[in-house]
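See structure below.
The values are calculated or read from the model by the stated rules, or taken from the named source; none is laboratory data. Nothing here was measured: the structure is a model prediction, and the numbers come from that model. Backbone-built Cβ (ideal geometry, glycine too); neighbour counts: all protein chains shown. Only protein heavy atoms, including side chains, enter the accessible area calculation; ligands, DNA and RNA are left aside. Shrake-Rupley method; radii C 1.70, N 1.55, O 1.52, S 1.80 Å.
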Amino acid sequence: MEILSYKDFYEEPVKKDAPVSEELTKDCYNVFACRHKFCREWCPDYVEERNESYTSYGVHTSTLALACGNASLPEMKNEFIHCLECGQCELKCPNTMFGGDFYHYATTTVDLVRKMRRDLHAQGIDYDGFDEVQQVIDEHLAHDAGPDEELTSWAAGLDLPLAGETMMFVDYYNAFQTREVPIAAAKILKAAGVEFGILKHPHVTTGELYETDEDKWVEAAKKNVADLKAAGAKTVILVNPHEYSYFIKEYPRYCGTLPFEVVYITDYVNDLIKADKIAFVKPYNKNVTYHDPCSLNKLCGNYQAPREIIAALPGTHADVEKPILQWKYCCGNGVSGAFRKALPDVAYKIGVRRLRHANDVGAEVLLLACPHCKDMFAETKTKSGINIEPVHILEVVAYCMGIEV
Amino acid sequence: MSKIDFSKFHYGNVADHIEELEDIVGKENVMTGMHDRAIRAASCAPFPMQRWEDHIPDVVVLPGDTDEVSEVMKLANKYRLPVVPRGAGCGLADGAFPLNKGICLDMKRMAEILEVDDINRTVTVQPGVNMQELNKVLAKVGMYYPDDPASYGTAVIGGRIGTNGWSVAGAGSGHPANLVCSMEVVLPDGQIVRVGKGGSKKCRNSSAGYRMLELFFGHQGTLGVVTEAVLDCAPKPEVEFPSYFGFSSYDAAYKALFQLGISGIKSVVNYIMFDDEKIDFLRRDDDAFIPLPETVKCVVMATFAGTEGEVLAARKKSLSIMKAAGGHYLGEEQAWGDWATRHDRYHLAVHCRNKAGQVVTMSWHCEDNCMIHSELPEFTHGLHKIVKKYVEKYDGIFDDAGCFIYTGGPYRTWGDYLAEVDVFINELAMTPELWERWLDMKREIAELAVELGGSISICHGACREGDIDVLIDKELADGQFDLMKRIKKMFDPNNIMNPGKYNLHLAY
Ligand SMILES: Cc1cc2nc3c(=O)[nH]c(=O)nc-3n(C[C@H](O)[C@H](O)[C@H](O)COP(=O)(O)OP(=O)(O)OC[C@H]3O[C@@H](n4cnc5c(N)ncnc54)[C@H](O)[C@@H]3O)c2cc1C
Ligand code: SF4
Ligand code: SF4
C-alpha cells in the first residue's frame, strides 16, 4: 500500500545544535511558501486563542525558522502542544487539496506535531504540564504490563471468546474509563447475531505514548497485529475512533499491509441495520444533532455511517450538519489527550463553543461516536451548565433495541 | 535596496520594556520566543529568506482591547519603540513586514463583533475579525458584509483598511474604502480618536469637515492603529450566477470585456478576463481545473447577483453580448466548479516548473496594477515580456503564471481594471544577487504601469522594495509624496509607526 502522506524523513530526529535535514526544511517551506493561512480560521485552537504561533503556519514556520537559525529548540518547548491533531489544516490546505494526488505531496501537520513533541521529549525538553501526561502514559504502560483479566474485566459476564474471524479491539481508555461504550457495542453485536471475539491481552495504543516513545508504541502495535492475526481475525472492529485512525493510518506504516480488514463500529452497526439484522423496538423521541469526531471525520474521512444510523433511529428528530462544516470543531480533547491535560482552559473553551453550537440548532442531545468526546463534553456540560446531553450513539442504538447497558 | 539608516531616530531598546508591556496586556500576551517572533516577520509576499533575521520583531504583543493598544502606544512613543501592526499577515505588499524590528502588534486577538444593527444595516467590529467568520454571524439576521477578496477566509478588517484592499465583488458592492462608515483609531501618542464621514458613527456620507476616514485607507500602519470599525452591510443576494465564456483570441476577449463593461447591467458582481498565459498555466495540471477545448485561448467570466428576476435578465443580456462578441458559453460545470474554488486555489507551491518542465517549489506573488482600459493589451503583453525575460535568464528561479484582468472601480464596470500578473519565485534558492534581479523585475513592471497611465497598486499597496522607488520618483512625484511626508510627520513626530514603510523616514 502506498501512503501518500508518509514522509520517512520525519524519522530523523531534530536535535539541539544539529542542522535540520534538507527534506524537513523543504517540507516546512512548502507550507511557508503558501503562508496564506486558508486553514487558520478553521483551526479549533486558533479560534479560541487567536495566536498564529499555534496553527499549521506556526508550527511549520517555527520549524523552518529553526532550520534557518532563527529559532532555538529549548524555547520551542510549548510550540507543539497547542495542536489537537485534528487534521483540519491538512484538509483545508491547497497543497493537499489541489496538489495531493498529482504531486504526491500533502501537508502533514499532525505528523509533524507528533514528531516534534517526540524529538523535544527525547532531549528532555517537555511542554508545561507534561508530568500529567506522563502519568497517563505510565498508567497505560502498567495496564499493559498487568494481568490479562484486568484488561478484559469490562467484558465480565458477556461471555466473549478470545478468538474469531471477527474481533473487537478494545483500547485501554474504553476498557477502563468509558466501559459503557464497549459494553454497548458488544451487546448490540451479540443481539444482531454476530459472532466475535476479543483479545486476551490488547497492548497499549495510547496516543500520548506514540508521541513520546515511538519505539515502545510500535512494539505494542506489532504485537496487536500479530495477536489479532493469531486469533484468526479477518475483520477487526474498533470502538474508539482514535485507535481506528491509528489502525488505518499508522499501523500500516510500521507493520505493512494489515492481514485483516479494519472497520469502525458505526460502519459495522450501520451495515447490520441495512441488512435488517438489528431490530428497533423502542423510539428515541428526542431532538438530536451529531458531533463528528476529528479522528473519524478529518483524519479518516469517515462520516457517513453515523448519519445513516441516526436517520434510521425510530422517533428521533435530527438536525445534522454537513461533515465539512464540522472541520472547524473539536470537542477540546484532541486526538492525543496531551492537549487537554496541558491546556485544560483552552480545551474547555473549545468544548463550550461546540456545545453552544449544538444548542443553536435546537438539539436536546448531542450524539457522539467517540468515548473521548463523551468524557470531554460531559465535563464541559457540567462546568458550563449548557443544557444539552452528550450521549454515545451506541447507547441510543442499544436503547432502541431494548438492550440494557 | 540599500538599508535604511534609522540611527537618527534614536529608537529605544524594546528588551528593556518587556515587563511594562506584560503589565499592560498580561504576561501570556507578550511573546519573546525567537520562533514566535520569527514567524511574524513575513507576510504573504515573496520573502527575502536570506535576510530573515533582519526583520524579526523584538517582541510580539497581542492586545485585547483599545485601552491596551493605547497604553502600548503611549509606552512606545515615550521610549521611541518601533511598532508594526499585524493583521492576518496575508498582505502582499509587505505592510506587516518589520523594517526595523520593534514591537509586532498582532491584532488578531481583537476579534469581537461588538454590535449588529439590523435596522441601520451596520456591524461594529474589532479589527481582528475575518470576513468569512463575520458573514457566518451576519447570515443569522439576513445581513452580509460584501468585501470579498480572494483572501476572504484569511484577511482581517484591520488589514483590509491598512492596505485599502480591493474586493472581487467591488464592481457590484464596493471596496473596503466604500464600506467603512467610521472607525476608531489609536494615534502614535496613544490618543484614541474616531474618524468617519463627518462625525457620525453610522452615516455613509457627510460633508462635515475633512474626509479624515479616507486618510487611513492604505496607510499600512504608518499613522495609527485601527481598533474598531463600523461596516456597511448589504442584503444577502437572493441568487448568484457565474458564467464563463471561451474566446479564440486575446483581442476578441478584450473587446467582449469592453462591451460587457458598458452594458449597464446593475446586478454585476464582477467581470474577469483570464489571458492566454493564465489559461496555459491552469492547463498545466491543476487538479481543480476543468479541461477546456483546445480552441479556447482566453476566458471571460461574468458573475451576477441580486434578486432572481434581476439575475435572469442580466444572464440573458450578457449571453447575447458575449455571443455577439464571439464568445461561447462554457457551461455550468465550468462556472460553478471554478467559482466554488476561487477562494482557495490561489497558491500551489509545487505548481511551478523550470525550463525542462520539472516541478520546482516556488512561492506565489501577485502584481496588482491598476490599468485604464485602452492600454490593457499593451500592458499585459508588456508584463509577460518583462517576466519572461527573467524566467528565461534565471531558470527555475521565476515562473510566469499568467494574467487576470478584473473590473477595478467601485460600483462600476468600465474605465479601469486590476491587471494582475502572477509570478512565482523560488525563495529557497534566493541569493542577494537574485533578490536584486527580482526587484529589477518589479521596478520594470511598476514603471510600465505608470508610463501607460495606470497605478502600481489597486489592492495591496505600493510599499515594497522595487515598487517604492517608482512610486516616489514617478507615480506620486507631483507633490503627493511630499504631502504624505508632511502628514506622517504631524501624526507621528517620533517615527515609531511602521518605520521605513513607504520610505516615510524621508519626512524627518
Ligand atoms: C491568496 C491571497 C489572495 C489575495 N487576494 C486579494 C484580493 O482579492 N484583494 C485584495 O485587496 N487583497 C488580496 N490579497 C492581499 C491581502 O489579503 C490584503 O492585502 C489584505 O487586506 C491584508 O489583510 P491582512 O489582515 O492580512 O493585513 P496584514 O498583511 O496583516 O497587514 C496589512 C497592512 O495593514 C496594517 N494593519 C493591519 N492591521 C492594522 C490595524 N488594526 N491598524 C493599523 N494598521 C493595520 C499592517 O501594518 C500592514 O501595513 C490576497 C492575499 C492572498 C494571500
Ligand atoms: S496548512 Fe496549507 S493553507 Fe494552511 S498556511 Fe499552510 S500551506 Fe497555507
Ligand atoms: S491539526 Fe487541528 S489543531 Fe492542529 S494545527 Fe491543524 S487545525 Fe489546528
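Between A:Thr63, A:Thr25, the distinction of being part of a helix (DSSP H, G or I) and either within 15 Å of ligand 3 (Cβ to nearest atom) or in the same structural domain as A:Gly332 (by TED's automatic domain parsing) (or both) belongs to A:Thr63 only. From the list A:Glu85, A:Glu90, the lone residue that is buried (at least 22 other Cβ atoms within 10 Å of the Cβ), modelled with pLDDT under 95 and away from ligand 1 (no atom under 16 Å from the Cβ) is A:Glu90.
Only one entry in A:Thr55, A:Thr61 is at the interface with chain B (Cβ under 7 Å from one of its Cβ atoms), within 20 Å of B:Ala45 (Cβ to Cβ) and hydroxyl-bearing (Ser, Thr, Tyr), namely A:Thr61.
Looking only at region B:213-249, residues that are crowded, with 21+ Cβ neighbours inside 10 Å and hydroxyl-bearing (Ser, Thr, Tyr) come to 4 in all. Exactly one residue out of B:Ala356, B:Ala429, B:Ala401 is in a strand (DSSP E or B), outside the structural domain of B:Gly174 (by TED's automatic domain parsing) and of a type in the set (A, V, I, L, M): that is B:Ala401.
Note on region A:304-332: residues that are over 22 Å from A:Phe280 (Cα atoms), open to solvent by 10 Å² or more (accessible area, probe 1.4 Å), in a loop (DSSP other than H, G, I, E, B) and in contact (Cβ under 8 Å) with a residue 12 or more places away in the chain amount to 2. In summary, A:Phe80 fulfils each of the numbered conditions (1) aromatic (Phe, Trp, Tyr); (2) within 16 Å of ligand 1 (Cβ to nearest atom); (3) farther than 19 Å from B:Leu62 by Cβ with the single exception of condition (2).
Going by the structure shown, is A:Ala18 modelled with pLDDT under 95, open to solvent by less than 10 Å² (accessible area, probe 1.4 Å), outside any helix (DSSP H, G or I) and more than 9 Å from chain B (Cβ to nearest Cβ)?
Numbers: modelled with pLDDT under 95: yes; open to solvent by less than 10 Å² (accessible area, probe 1.4 Å): no; outside any helix (DSSP H, G or I): yes; more than 9 Å from chain B (Cβ to nearest Cβ): yes.
No.
Among the residues of region A:335-367, just one is open to solvent by 20 Å² or more (accessible area, probe 1.4 Å) and among the β-branched types (Val, Ile, Thr), namely A:Val361. When A:Glu48, A:Glu79 are checked against the criterion of being open to solvent by 10 Å² or more (accessible area, probe 1.4 Å) and either farther than 17 Å from A:Val113 by Cα or more than 15 Å from ligand 2 (Cβ to nearest atom) (or both), A:Glu48 stands alone in meeting it. Can we say B:Val391 is among the aliphatic types (A, V, I, L, M) and assigned to a helix (DSSP H, G or I)? Criteria met by B:Val391.
Among the residues of region A:40-52, the one identified as outside any helix (DSSP H, G or I) and more than 9 Å from every other protein chain (Cβ to nearest Cβ) is A:Cys43.
Name the residues in region B:32-51 that are at the interface with chain A (Cβ under 7 Å from one of its Cβ atoms) and either under 18 Å from B:Val14 (Cβ atoms) or of a type in the set (S, T, N, Q) (or both), would you? Spell out the reasoning first.
Restricting attention to region B:32-51, the residues satisfying the condition of being at the interface with chain A (Cβ under 7 Å from one of its Cβ atoms) are B:33-36, B:38-39, B:42, B:44, B:49.
Correct list: B:Gly33, B:Met34, B:His35, B:Asp36, B:Ala38, B:Ile39.
Flag: A:Tyr105 matches the condition of being assigned to a loop (DSSP other than H, G, I, E, B), out of contact with any Lys or Arg (no Cβ under 8 Å at 6 or more places or on another chain), open to solvent by less than 50 Å² (accessible area, probe 1.4 Å) and away from ligand 1 (no atom under 16 Å from the Cβ). The residues listed here are A:Lys200, A:Lys222, A:Lys190; of these, the one that is within 20 Å of A:Met401 (Cβ to Cβ), open to solvent by 40 Å² or more (accessible area, probe 1.4 Å) and more than 16 Å from the chain's Cα centre (by Cα) is A:Lys190. Could you tell me whether region A:132-154 includes any residue that is surrounded by 17 or more Cβ atoms within 10 Å (Cβ to Cβ), within 16 Å of ligand 3 (Cβ to nearest atom), of a type outside the set (D, E, K, R) and over 30 Å from A:Gly197 (Cα atoms)? Scanning region A:132-154, I find no residue that is surrounded by 17 or more Cβ atoms within 10 Å (Cβ to Cβ), within 16 Å of ligand 3 (Cβ to nearest atom), of a type outside the set (D, E, K, R) and over 30 Å from A:Gly197 (Cα atoms), so the answer is no.
Taking region B:405-439, which residues are of a type outside the set (S, T, N, Q), in contact (Cβ under 8 Å) with a residue 40 or more places away in the chain, on the phi < 0 side of the Ramachandran plot and open to solvent by 30 Å² or more (accessible area, probe 1.4 Å)? I'd like the intermediate steps shown before the answer.
Narrowing region B:405-439 to residues of a type outside the set (S, T, N, Q): B:405-406, B:408-412, B:414-425, B:427-430, B:432-439.
Checking which are in contact (Cβ under 8 Å) with a residue 40 or more places away in the chain leaves us with B:405-406, B:408-412, B:414-425, B:427-428, B:430, B:432, B:434-435, B:437-439.
Narrowing further to those that are on the phi < 0 side of the Ramachandran plot: B:405-406, B:408-410, B:412, B:414, B:416-425, B:427-428, B:430, B:432, B:434-435, B:437-439.
Result: B:Pro410, B:Arg412, B:Trp414, B:Asp416, B:Leu428, B:Pro432, B:Arg437.
If you go through region B:440-482 and pick out every residue that is among the polar types (S, T, N, Q), surrounded by fewer than 23 Cβ atoms within 10 Å (Cβ to Cβ) and either closer than 16 Å to B:Ala419 by Cβ or touching a residue at least 24 places away in the same chain (Cβ under 8 Å) (or both), you end up with 1. The criterion of being part of a loop (DSSP other than H, G, I, E, B) and basic (Lys, Arg) holds for B:Lys266.
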